[in-house]
Structures are given as C-alpha cells and as structure tokens.
Amino acid sequence: MKRIFRRLFAAVLLVAFAVAAGTFVPRPLFAPSRAAEVGQRRILVLSNPIHTDIAIPLSAETRAAFAFLGGAGVPVSDPGAEWLVIGWGGRAFYLETPTWADLKPMPVFRALTLDRSVMHVDVAGGIDEGHPTVMPLDLGPAEFQRLSDFIQTSFVRQEDEVAVVPDAAYGASDRFFEANGYFNAFAGCNTWTAAALRAAGLRTGVWNPLPQTLTLSLKLFN
C-alpha cells in the first residue's frame, strides 16, 4: 500500500508540475513583434469550468467569410446575431453531454482516451465583456485574418462543403460539424483554443489543458 501511495503521490506531483509549467512557460518563448494596426477587431474567449469557446464579431466581412455555415442552419446573417461562437471538442462528450445532468461514463472514457473531434458553432446577441467568464482580446486585421483562417481549416470539408453532423444540436441556432484532428483530455478543446490564438499572434502557456490555465497565461503574456 505504501508503494502504491508513493506512486500515486508522485503521479499527482508530476501532473501538477506539468500544469504549472504549461501555464507559466510561454509559447512562443519570446514575444513576437505585434505592430500597431488600424482597425483592431475585438474577439472574446468564453470559459466555463472545463471548456473554452472563441467568439468573433459578426460584421459584413465575417458574415461573408462564414456564410458557408448558413446553409447548415447557423443563422450568421441574422441581424440580431452579434457574435459567432465557435469551439472544438471530443465528439462523444460534446454531442452527448449538453448539460452536466446528461453526463455518462462512455463519453468521459472517450474523452480521457481518444475520440474523433467536432466543431460546435452558435450565434449570440450581446455578450457582457465584463463578466468573469469572458476575456476580451484585441487583434489587428492581419492577426484577425489568421485566426479566421485557422478556424476555417479546422472544419472537415467534403467536396468544398463542411460536413454537418446530422441531427446534432443543443438548440435552434447551433450546429455540430466534423472537425480535423483527434481529441483527448491532454490535447483537448482548450489546447485547440490556445493554438487558434497563437495563430493570431497571441502568446499562451506552452500547454493549457484547462480554461483557468489558458486565461491566466493570456493575462500574463499579452
């Protein structure tokens, strides 16, 4: 029992060290130059206890860039929609756990091992930027374009069309789409968000598996 306890304690310490290092060691290590650009765009990182989404403003430009979502039922052209909210995650957990009350063992097992990935897309009206679960970030036009490109290349495309997951949604305005890449708890939704933000020129921690570590690293390094 003592040997088992020591090994368990060592494993906990190792994970704690990895999470701390992943938060406080920046990626990239040295800050890239970010030239001041006219026409900055504000994006939002939305967090809950285990997941992050990226919200991008719906303007004439972004409505056109993401018009391919409209054919799948995401109302990007709705004048009442102010934000496009996008996240990446594990297929089983994302589709089968709309609320904590729906939590089941198999999606958890798939998330902890290996699962296919999906994109979840929705629209939102006004979002309170002062809310503790919302982090505003400002990007220049070129940075915003790189973020948009990263998000768009995360969708699986079949004959130039995004692949909709049939009969999968939480509500009337959201949809799920097949995504590129595989998911597990160590390379999951928050590491995808971090990679998207790095593509836009922001710095994150070297490894951010949790929303809390991602938002802390964003505050530290940007």
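Just so it is clear, none of the values below were taken in a lab; they were calculated from the coordinates. Being a predicted model, the structure only gives us computed values, none of them experimental. Positions of Cβ are generated from backbone atoms using ideal geometry, with glycine treated the same way; all protein chains shown enter the neighbour counts.
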*Alpha carbon centre of the range 33-79 versus the range 101-124: separation in Å?*
22
*asked:* Once you keep just the Cα pairs under 8 angstrom separated by 6 or more residues, what percentage relative contact order results for the chain?
replied: 29
*Using only Cα atoms, tell me the angle between helix 2-24 and the longest principal axis of the chain; keep it within 0 to 90° and round to the nearest 10.*
30
*Once every DSSP H run of n ≥ 4 in the chain is given -39500 (n - 2.57) and the sum is divided by its residues, what mean residue ellipticity at 222 nm do you get, rounded to the nearest 500 deg cm²/dmol?*
-10500 deg cm²/dmol
*asked:* For SER173, SER77, SER59, which order do you get if you count the other beta carbons within 10 Å of each Cβ and list the fewest first?
replied: SER59, SER77, SER173
*How far is helix 211-221 tilted off the main Cα axis of the chain, in degrees rounded to 10, range 0 to 90?*
80
*How about the range 72-180: which GluC sites (Glu not before Pro) there are in a DSSP loop, with at most 11 other Cβ atoms within 10 Å of their Cβ?*
GLU129, GLU159
